[in-house]
Amino acid sequence: MYHKGHVGASLLVYAPFGFLVTALASIEAGLVVAAAVASMAMVPDLDTRVPFVKHRGITHTVWFALLVGAAFGALGLAVGLQRGIAEALFFGGFGFLFGGVTIVSHILADALTPMGIRPFAPVRDDEYTLDLVAAANPVANYALLGLGGVVVAVALAAGAAVPV
């Protein structure tokens, strides 16, 4: 998929978490995290700018998702430690989910294309593809963006409606 499709996929995958963030914190927090998730949607494609790194290689694996999740988890843990151990664990877990889910959403969107993905490489070289649409298909990219936008908007509105 291209940029718009990946942003839509990230919002779609974030929607259930966005509901929880909004219900537990605020609509503002849900929107801020949605914007952060969308801004990270293209991180795995940074491989196209790094010499000697194959596109849809290591940055399109569960290992990379775990690494990014661990990095954001460590950051969340450090931020939370200023408030105590419970907050550190909460922020650490949230950071891990934020980083990991954002990368996984990108991988899932790429699985829609004929090129597919190898999410367990180099441990296993199995290729997965739904072969539904070409990555460059503008209708598919805009449809995924629209779907992600609508689903996350509904999730955030529903989260805001939860009585505290």
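Laid out as a table, the results:
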item: Given 15 as the ceiling on other Cβ atoms within 10 Å, longest exposed-site-free region of the chain for chymotrypsin sites (Phe, Trp or Tyr not before Pro) in DSSP loops; result: 53-119
item: Lys/Arg +1, Asp/Glu -1 at C-beta; segment 3-161 dipole; positive extreme among Met40, Trp63, Thr129; result: Met40
item: Contact order relative to length of the chain, as percent, for alpha carbon pairs under 8 angstrom and 6 or more apart; result: 37 percent
item: Trypsin sites (Lys or Arg not before Pro), loop per DSSP, at most 13 other Cβ atoms within 10 Å - longest free stretch of the chain; result: 1-53
item: Pairs of Cα atoms farther than 29 Å apart, segment 3-161, %; result: 21 percent
item: Rounded, prolate or oblate (a/c below 1.5 giving rounded, otherwise prolate when a/b exceeds b/c) for segment 45-100 by Cα gyration tensor; result: prolate
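Read-outs: derived from the displayed coordinates by stated rules, not from any lab. Remember, predicted model here, so these are calculated numbers, not experimental data. Glycine also receives a Cβ, built like all others from the backbone with ideal geometry; neighbour counts cover every protein chain displayed.
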